[in-house]
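Report on the structure given below.
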Amino acid sequence: MSARVQLASAAGAILSLPARLIEPAMSGIQRGVGIKRMPWVFLLPNLVAVILFALLPVFINVFYSMSGSDRLFPWDRPFVGGANYQSLLDCTNYLDPSTCSRDLFWRALGNTMVFVPVQVICMIAIALLTAICLNRDIVGRGFFRGIFFFPVMLSPVVVALTWQWILQRNGALNGLISAAGLTPVNWLIFPNTAFFWSVFVTVWAHMGFYTIILLAGLQAIPRDVYEAAKMDSASPWRVFTRITLPLLKPVMLVVFILAVIRSVQTFDELYVLTGGGPGSATMLMVQYIYEVGFAAQPRNFGLAAAASLFLGLALLIFTGIQMRISRGGNND
Amino acid sequence: MKRTTLRTTTALALVLALAPITAAHAQQITLWAGDTGTGGEIFAEMGKAFEAENPGVTVVVEEVSYQTLVESLPVQLEAGEGPDIAIITDLGGLSRFYQDITPYVDAAYFEKEWGQTLQWLRGGDATSTAIYGMPTTLTVNGAYVNLTLFEQAGVPVPAEGATWQEWAEATRQVAEATNTEFAMEMDRSGHRFASLAISYGAQLVDEQGRPVVDDGLRAAIEQFVAWHQDGTMPMDLWGAVGGATHRELFSDFLNANAVLYFGGSWTLAQMDSEVGDLFDWAVVPAPCGPSSCTVMPGGGAMTVFSHTQNAEIAGKLINFFAQPENLDHYISTEVEIPSAASQIANGVEYPTASARTSEALATFINQIPKMDAAAYRFQGWRYQRAMMNALTTRISQVLNSELTVDAAMERIEEDVDLAIQAAGGQS
């Protein structure tokens with residue numbers, strides 16, 4: 001036997017050791033539960049993890065949303081029923097946050113409802129455009145792919161602090177504007193400009209991730225379809241709308257769902273960059289939940305839990321719609 | 001061979017059997033200190049002296065970040081965990097976790113030295129005489145002024161007793177004459193704003209621990225908004241940020257971009273090291289409002305927590321730290337404002353501080369007797385942080401035209417009521 005075969009045999013023996021070690025135990029379990037129930041045995045570790053770390057926290061959250069006081073442990077918290085929900089929903093006019101009992105919740109909800117579509121549309125449009133450019137045979141393609149993906153690897157706090165340094169009154173951007181002989185703008189003190197930069201910074205920070213996914217989708221489209229279109233003298237726009245977009249649809253849906261979920265969860269970048277300001281112009285739902293549940297003293301866990309369930313419910317409905325559309329698309 | 005095995009087994013059994021007895025004699029006290037200044041270094045050093053006097057006692061001083069003390073410690077205490085002792089700053093807010101150490105300390109001495117500040121630890125319970133710990137240092141809010149800019153502008157520096165409006169007018173003149181960006185700036189902090197508000201007559205909290213939203217507060221908010229509207233104060237701090245986020249721009253003062261900066265005594269060391277003699281600066285006496293010339297006090301306290309298994313030793317350790325020689329050593333090395341009455345009266349020598357810093361410290365200390373009773377009451381109130389968060393959030397909304405002053409006043413009251421309700425309605 002050659003040395004290579006001996007080595008392979010030894011490696012095989014080592015790799016199969018764990019399986020051989022648990023084999024007697026597994027055989028015993030199989031005898032006990034029967035072969036039909038064995039899949040459940042294999043699923044059990046994951047099921048336990050999902051129950052402990054996903055389902056149980058949801059149930060605990062539901063309980064917290066129906067309990068009062070600033071106490072941490074559930075058994076120390078009195079049951080208050082729907083009081084927290086009632087407090088959040090108490091409004092004279094739902095379109096005017098100032099008439100609501102918890103006005104900041106509604107302001108944050110309103111901001112989120114504007115922020116999410118604007119940010120997601122910008123994100124997908126720019127990521128798609130970038131992916132199409134990077135899919136072409138351009139010089140330094142690998143370098144540019146790295147450049148666009150780089151911000152994704154940065155900590156959100158680093159991203160926010162960097163942009164704060166760029167955008168602040170005496171920041172780098174105003175330095176350039178002054179050097180060009182123009183009047184500097186205090187970008188973060190006006191609600192509209194602060195909102196614009198909030199969208200810009202979050203798109204800049206995350207678009208690399210979606211670009212990579214879309215690029216993979218573009219590369220999966222068979223080249224011969226494009227060649228056929230070329231032979232038929234199809235215009236670039238027609239190629240894009242009739243070939244690229246339809247064939248990219250499944251990937252686009254995944255990107256869309258991921259982008260929406262990430263957008264609704266936006267917190268860290270904006271918390272550091274604007275703190276939700278000016279006033280409450282960039283305060284999104286997650287910041288509201290954080291402020292009520294953790295920054296406030298005493299901590300209002302009940303109200304924060306109720307607000308987070310609203311957020312969860314909205315995400316659930318949205319994901320359901322997306323899945324339905326996605327299934328429809330697959331059936332086509 | 002058999003005999004050796006027998007001996008080893010017997011020795012092991014003895015060690016195991018005696019271990020709990022030994023452990024019972026050894027008492028370990030864990031103390032958390034924040035990582036500012038010299039951190040826990042001086043307490044660790046004094047802890048060694050305590051260990052020498054109390055054989056079998058070990059004092060472990062752990063240095064933690066300020067963020068840990070503010071955010072993690074309350075959650076640990078809620079779970080019955082955490083250190084035996086910690087130096088904290090949310091004195092009233094954590095009051096329900098404290099251990100009464102009256103039997104283990106010289107209560108009369110503690111009352112004599114910290115009569116007023118001990119009350120802050122009682123969470124607003126005016127009837128309590130319990131001693132929960134030792135106030136370590138006092139911090140004082142105050143205004144730093146760039147004297148070089150005043151000199152260049154030829155504007156006289158307002159004298160002691162000058163009002164906030166007189167200071168605003170003088171600093172505006174200086175800013176215009178010297179082309180300085182901003183006349184006045186104030187940390188985005190409810191605590192800093194409370195200095196202005198109380199000097200304008202705001203009570204913020206009454207004797208019963210109920211929130212007070214009065215005409216004094218309204219006048220202070222209106223004045224504050226007016227200063228932002230006429231450019232006396234920049235929007236960058238209170239205008240640009242939302243929610244309860246704390247923000248400061250002391251760098252503006254360090255870079256001579258602001259004539260007056262309202263911050264606190266804790267930035268003295270930074271001034272000393274970063275500005276030095278680059279420009280002439282001073283801490284000025286508290287600007288006056290229509291009601292008083294007060295600023296807010298603050299500071300830390302070393303408290304024992306009720307989950308400790310060693311309350312007696314913890315109490316004795318605090319009593320040891322509170323002795324005059326130990327207290328003097330700590331305050332002078334840390335270059336802090338003392339909180340003990342005798343130290344305030346007799347003064348403390350700071351051998352390592354520069355002449356300018358010593359002068360500034362003296363000015364801060366001179367503000368202590370002028371502090372309004374409302375300022376002390378607010379500092380010891382259990383819901384102080386709720387009120388401070390409401391002030392920052394709502395005033396920023398007024399500055400951005402999201403709320404009127406009237407609406408902001410209503411919201412501040414509602415926010416604090418909600419916080420009290422969330423805590424079970426106990427004032």
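I'm checking my understanding of the structure. Among residues of the stretch B:270-289 that are out of contact with any helix residue (DSSP H, G or I) (no Cβ under 8 Å at 6 or more places or on another chain) and not hydroxyl-bearing (Ser, Thr, Tyr), which one is surrounded by the fewest Cβ atoms within 10 Å (Cβ to Cβ)?
If we filter the stretch B:270-289 for residues that are out of contact with any helix residue (DSSP H, G or I) (no Cβ under 8 Å at 6 or more places or on another chain), which is where we start, we get B:273, B:276-278.
Applying the additional criterion that residues be not hydroxyl-bearing (Ser, Thr, Tyr) yields B:276-278.
Numbers: B:Gly276: 11, B:Asp277: 8, B:Leu278: 11.
Taking the candidates together, the pick is B:Asp277.
Can you go through A:Trp106, A:Trp165 and tell me which one is in contact with a strand residue (DSSP E or B) (Cβ under 8 Å, 6 or more places away or on another chain), more than 11 Å from chain B (Cβ to nearest Cβ) and either farther than 30 Å from A:Arg223 by Cα or assigned to a loop (DSSP other than H, G, I, E, B) (or both)? Steps first, answer last, please.
Working: A:Trp165 fails: in contact with a strand residue (DSSP E or B) (Cβ under 8 Å, 6 or more places away or on another chain).
Just one listed residue meets the conditions, A:Trp106.
Out of the residues in the stretch A:287-305 that are outside any helix (DSSP H, G or I) and facing chain B (nearest Cβ under 7 Å), state the one that is modelled with the lowest pLDDT. Before the answer, list the steps.
Quick first cut of the stretch A:287-305, residues outside any helix (DSSP H, G or I) only: A:296-300.
Those still in the list that are facing chain B (nearest Cβ under 7 Å) too: A:296-298, A:300.
Numbers: A:Ala296: 80, A:Gln297: 77, A:Pro298: 82, A:Asn300: 90.
My answer is A:Gln297.
Would you confirm whether or not the stretch B:370-387 contains a residue that is in contact with a helix residue (DSSP H, G or I) (Cβ under 7 Å, 6 or more places away or on another chain), surrounded by fewer than 17 Cβ atoms within 10 Å (Cβ to Cβ), assigned to a loop (DSSP other than H, G, I, E, B) and of a type in the set (Gly, Ala, Ser)?
Residues of the stretch B:370-387 that are in contact with a helix residue (DSSP H, G or I) (Cβ under 7 Å, 6 or more places away or on another chain), as a first pass: B:372, B:374-376, B:378-380, B:382-384, B:386-387.
Now drop any that are not surrounded by fewer than 17 Cβ atoms within 10 Å (Cβ to Cβ), which leaves none.
Checked against the condition, which is being in contact with a helix residue (DSSP H, G or I) (Cβ under 7 Å, 6 or more places away or on another chain), surrounded by fewer than 17 Cβ atoms within 10 Å (Cβ to Cβ), assigned to a loop (DSSP other than H, G, I, E, B) and of a type in the set (Gly, Ala, Ser), the stretch B:370-387 yields no hits at all.
Just a yes or no: is a residue in the stretch A:246-269 under 23 Å from A:Ser98 (Cα atoms) and within 14 Å of chain B (Cβ to nearest Cβ)?
Looking through the stretch A:246-269, none of the residues is under 23 Å from A:Ser98 (Cα atoms) and within 14 Å of chain B (Cβ to nearest Cβ).
Being small (Gly, Ala, Ser) and modelled with pLDDT of 95 or more is the filter here; which residues of the stretch B:402-427 pass it?
Taking the stretch B:402-427 first, the residues small (Gly, Ala, Ser) are B:407-408, B:419, B:422-425, B:427.
Once the filter is applied, which keeps residues that are small (Gly, Ala, Ser) and modelled with pLDDT of 95 or more, the stretch B:402-427 yields B:Ala407, B:Ala408.
Tally up the residues in the stretch B:80-111 that are over 28 Å from B:Arg210 (Cα atoms) and within 14 Å of chain A (Cβ to nearest Cβ), please.
3
When residues of the stretch B:66-118 are filtered for being of a type in the set (A, V, I, L, M) and in contact (Cβ under 8 Å) with a residue 40 or more places away in the chain, how many remain? Walk me through how you get there before you give the answer.
Step one: filter the stretch B:66-118 for residues of a type in the set (A, V, I, L, M), giving B:69-70, B:73, B:75, B:77, B:79, B:85-88, B:91, B:94, B:101, B:105, B:107-108, B:118.
Then drop every residue that is not in contact (Cβ under 8 Å) with a residue 40 or more places away in the chain, which leaves B:73, B:77, B:85-88, B:91, B:94, B:101, B:105.
Of the residues in that region, 10 qualify.
Here is a check on your reading of the model: is B:Gly298 surrounded by fewer than 24 Cβ atoms within 10 Å (Cβ to Cβ) and out of contact with any helix residue (DSSP H, G or I) (no Cβ under 8 Å at 6 or more places or on another chain)?
Working: surrounded by fewer than 24 Cβ atoms within 10 Å (Cβ to Cβ): yes; out of contact with any helix residue (DSSP H, G or I) (no Cβ under 8 Å at 6 or more places or on another chain): no.
No, not satisfied.
Can you pull out the residues in the stretch A:83-103 that are touching a Ser or Thr at 6+ places or on another chain (Cβ under 9 Å) and more than 9 Å from chain B (Cβ to nearest Cβ)? Break it down stepwise before answering.
Quick first cut of the stretch A:83-103, residues touching a Ser or Thr at 6+ places or on another chain (Cβ under 9 Å) only: A:84-93, A:97, A:99-103.
Within the stretch A:83-103, A:Asn84, A:Tyr85, A:Gln86, A:Leu88, A:Leu89, A:Asp90, A:Cys91, A:Thr92, A:Asn93, A:Thr99, A:Cys100 qualify.
Going by the conditions given, is B:Thr180 more than 20 Å from B:Thr294 (Cα to Cα), assigned to a loop (DSSP other than H, G, I, E, B), more than 14 Å from chain A (Cβ to nearest Cβ) and not basic (Lys, Arg)? Before the answer, list the steps.
Working: more than 20 Å from B:Thr294 (Cα to Cα): yes; assigned to a loop (DSSP other than H, G, I, E, B): yes; more than 14 Å from chain A (Cβ to nearest Cβ): no; not basic (Lys, Arg): yes.
For B:Thr180, the condition - more than 20 Å from B:Thr294 (Cα to Cα), assigned to a loop (DSSP other than H, G, I, E, B), more than 14 Å from chain A (Cβ to nearest Cβ) and not basic (Lys, Arg) - is not met.
Looking at (1) of a type outside the set (S, T, N, Q); (2) surrounded by 19 or more Cβ atoms within 10 Å (Cβ to Cβ); (3) modelled with pLDDT of 95 or more, find the lone condition where B:Phe320 falls short.
All conditions pass for B:Phe320, except number (2).
Just a yes or no: is a residue in the stretch A:211-225 out of contact with any Gly (no Cβ under 8 Å at 6 or more places or on another chain), in the same structural domain as A:Ile124 (by TED's automatic domain parsing), at positive phi and outside any helix (DSSP H, G or I)?
Start the filter on the stretch A:211-225 by keeping residues that are out of contact with any Gly (no Cβ under 8 Å at 6 or more places or on another chain), which leaves A:211-225.
Subsequent filtering for residues that are in the same structural domain as A:Ile124 (by TED's automatic domain parsing) retains A:211-225.
Next cut, at positive phi only: none.
The answer is no; no qualifying residue exists.
Report whether or not B:Gly243 is within 14 Å of another protein chain (Cβ to nearest Cβ), surrounded by fewer than 22 Cβ atoms within 10 Å (Cβ to Cβ), touching a residue at least 60 places away in the same chain (Cβ under 8 Å) and not hydrophobic (A, V, I, L, M, F, W, C).
Numbers: within 14 Å of another protein chain (Cβ to nearest Cβ): yes; surrounded by fewer than 22 Cβ atoms within 10 Å (Cβ to Cβ): no; touching a residue at least 60 places away in the same chain (Cβ under 8 Å): yes; not hydrophobic (A, V, I, L, M, F, W, C): yes.
So B:Gly243 fails the test.
Return the only residue of A:Phe63, A:Phe59 being in a helix (DSSP H, G or I), in contact with a Pro (Cβ under 7 Å, 6 or more places away or on another chain), not acidic (Asp, Glu) and not assigned by TED's automatic domain parsing to the domain that holds A:Pro298. Walk me through it before giving the result.
Values: A:Phe59 fails: in contact with a Pro (Cβ under 7 Å, 6 or more places away or on another chain).
Going through A:Phe63, A:Phe59 in turn, the sole match is A:Phe63.
On the given criteria, is B:Ser273 of a type outside the set (Lys, Arg), in a loop (DSSP other than H, G, I, E, B) and either in contact with a Leu (Cβ under 6 Å, 6 or more places away or on another chain) or more than 30 Å from A:Phe190 (Cβ to Cβ) (or both)?
When the stated conditions are applied, B:Ser273 does not pass them.
Each row is one residue, and each column tells you yes or no for (1) in a helix (DSSP H, G or I); (2) of a type in the set (Ser, Thr, Tyr); (3) at pLDDT below 95.
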site: A:Arg4; (1), (2), (3): yes, no, yes
site: A:Ala10; (1), (2), (3): yes, no, yes
site: A:Ala19; (1), (2), (3): yes, no, yes
site: A:Gln30; (1), (2), (3): yes, no, yes
site: A:Trp40; (1), (2), (3): yes, no, yes
site: A:Pro45; (1), (2), (3): yes, no, yes
site: A:Arg71; (1), (2), (3): no, no, yes
site: A:Ser87; (1), (2), (3): yes, yes, yes
site: A:Leu95; (1), (2), (3): no, no, yes
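The values are calculated or read from the model by the stated rules, or taken from the named source; none is laboratory data. Quick caveat: nothing in here was measured; it's all calculated off a predicted structure. Neighbour counts run over all protein chains shown; Cβ positions are idealised from the backbone, glycine included.
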